[in-house]
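Here the structure comes first, spelled out in structure tokens, and everything after it is commentary.
The values are calculated or read from the model by the stated rules, or taken from the named source; none is laboratory data. Values in this document were obtained by computation on a predicted structure and should not be read as measured data. Methodologically, a virtual Cβ is constructed for each residue, glycine included, from the backbone with ideal geometry; neighbour enumeration extends over all protein chains shown. Surface areas here come from the heavy atoms of the whole protein model, side chains and all, with no ligands, DNA or RNA. Shrake-Rupley method; radii C 1.70, N 1.55, O 1.52, S 1.80 Å.
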Amino acid sequence: MDFGHITFTNTGLPLLIFAGVALTLPSLMVPRDTRSHTRVARGMIATAAVLVVFGPLVAMAFDSRPLPAGPADAFKGQVWLLLYQFQFRASLTLALVWAPLLALVWFNASQRVEQLRGQDIVRESI
């Protein structure tokens, strides 16, 4: 997340972590045999919320930039809050990676719901 020097550790690894979470977390949040688009939507929104909330923590782990002096003096004892706010913007830029991946996973889950609904209709008509 250090925008001065792009390396695997500060850019590539956070991208891989976010992409991996965006691809795997929905499968834990949405039951595979669901026939409800509402349940799929809730799972995808929960996944996006997890990525937004924990994004700054991942950014903090891989960013080596120092904190700006002005805000550091203003927060005094609340260093974690300052770090979280400082990294929030950097972590949102990673949404350029995980948001399209999450959209594709959502589309795939919606297709699976429609496929299961179609199979149910065929079974009922036999």
| task | Obtain the nm distance between the two label points defined at Glu114 and Val50 by a simple spin-label model: each point lies 7 Å from its Cα along the Cα-to-C-beta direction. | result | 2.6
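How large, in percent, is the carbon and sulfur part of the accessible surface of the range 80-126 at a probe radius of 1.4 Å? Intermediate results must be reported in sequence, preceding the final value.
Working: 2210 of 3280 Å².
For the range 80-126, the apolar C and S fraction of the accessible surface comes to 67 percent.
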| request: Using Cα centres only, tell me the gap between the range 36-57 and the range 16-30 in whole Å. | output: 10
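How far, in nm, would the chain grow between Arg39 and Leu92 when pulled straight, counting 0.36 nm per residue and subtracting the alpha carbon separation?
Working: separation 53, 0.36 × 53 = 19.08 nm, distance 2.53 nm.
Gain in length upon complete extension: 16.5 nm.
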| Roughly how many nanometres apart are two label points built 7 Å out from the Cα toward the Cβ at Leu57 and Thr11? | 2.6
